[in-house]
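Visitor: The structure that follows is given in the form of structure tokens.
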């Protein structure tokens, strides 16, 4: 599997560039009405997630429970703890928005489609990858906001968890449940139109990225500090990924996992979902001009994880068990 800088990654760059050139329409009070548009976009993304989420596939991968424990602990416990340790070491050098962005990245769920695709290409345990990617996606709806709320309280900031939970239920959990109910009559249609649903999902995410950067550009958040924050985000994302891959690998070896299970655990336990991260970030952090800085590590981590994991998948696929 060779890595390609695909249309979605070019789309992220285009969305940021458009926000720099024309921030007015997507900023608060603009003619695009981002206050409503973003909420509807989040609802659409999670409705489509519900439509395409198959519990039959989830049940098929339940048998390898040690792999599931390693993956979920890596995603929702080891990753946040490593992030906290690195933030403690770099506290004096990172701006507050970027600190929040790195921690937010650390508490996000794993990816679904790319984790399964890469595991398949590397000849890993595909049913376990499907199970863990799906379970992580569901757990993240609850665990990610709890971790973020704890972080804001611990840092002395305000965390209006009640309002955040209400928004998450209304614009995220309810559409997800409605999507699952809709599978009763949309399951076959969603299989036939998987490609169309993928494009609708990704285009909606690009729209949210655009509006998120519009507010920060209009408020002058990036004036004079954009290059420094970009370099810090690049280095931090690479370091996080390397540490998590090494930790998960050593855990798998200590537990004497077969190679196929090691591959699944390393791919699913080290990846983070931009498909859930962008819309959830919009709900959790609101329309703050700092939101674009918060999302920056995630937008860098996304292509980085695909690049490295694609190289690893191609290498592992050639092994002789």
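The values are calculated or read from the model by the stated rules, or taken from the named source; none is laboratory data. As the structure is a computational prediction, the values presented were derived from the model and not from experiment. Neighbour counts are summed over all protein chains in view; Cβ atoms, including those assigned to glycine, are modelled from backbone coordinates with ideal geometry.
Visitor: Given the conditions (1) assigned to a helix (DSSP H, G or I); (2) modelled with pLDDT of 90 or more; (3) within 29 Å of residue 314 (Cα to Cα), and given that residue 57 satisfies all but one, which numbered condition is not satisfied?
Guide: The single condition residue 57 does not satisfy is (2).
Visitor: Considering only residues of the range 118-129 that are buried (at least 24 other Cβ atoms within 10 Å of the Cβ) and part of a helix (DSSP H, G or I), which is farthest from the chain's Cα centre (by Cα)?
Guide: Taking the candidates together, the pick is 128.
Visitor: While we're on this one: I'm told residue 3 meets every condition in (1) surrounded by 13 or more Cβ atoms within 10 Å (Cβ to Cβ); (2) under 30 Å from residue 307 (Cα atoms); (3) modelled with pLDDT of 85 or more except one. Can you identify the failing condition by its number?
Guide: Going through the list (1) surrounded by 13 or more Cβ atoms within 10 Å (Cβ to Cβ); (2) under 30 Å from residue 307 (Cα atoms); (3) modelled with pLDDT of 85 or more, residue 3 breaks only (3).
Visitor: Of the numbered conditions (1) buried (at least 19 other Cβ atoms within 10 Å of the Cβ); (2) assigned to a helix (DSSP H, G or I); (3) modelled with pLDDT of 85 or more, residue 139 fails exactly one; give the number of that condition.
Guide: (1)
Visitor: Kindly list the number of the only condition in (1) modelled with pLDDT under 85; (2) buried (at least 21 other Cβ atoms within 10 Å of the Cβ) that fails for residue 93.
Guide: (2)
Visitor: Every residue in the range 58-95 that is farther than 29 Å from residue 239 by Cα and under 21 Å from the mean Cα position of the chain (by Cα), please.
Guide: 58 - this is the single residue of the range 58-95 that is farther than 29 Å from residue 239 by Cα and under 21 Å from the mean Cα position of the chain (by Cα).
Visitor: Output the residue which, of all residues in the range 24-47 that are in a loop (DSSP other than H, G, I, E, B) and touching a helix residue (DSSP H, G or I) at 6+ places or on another chain (Cβ under 9 Å), is surrounded by the most Cβ atoms within 10 Å (Cβ to Cβ).
Guide: Only one residue tops the list, namely 26.
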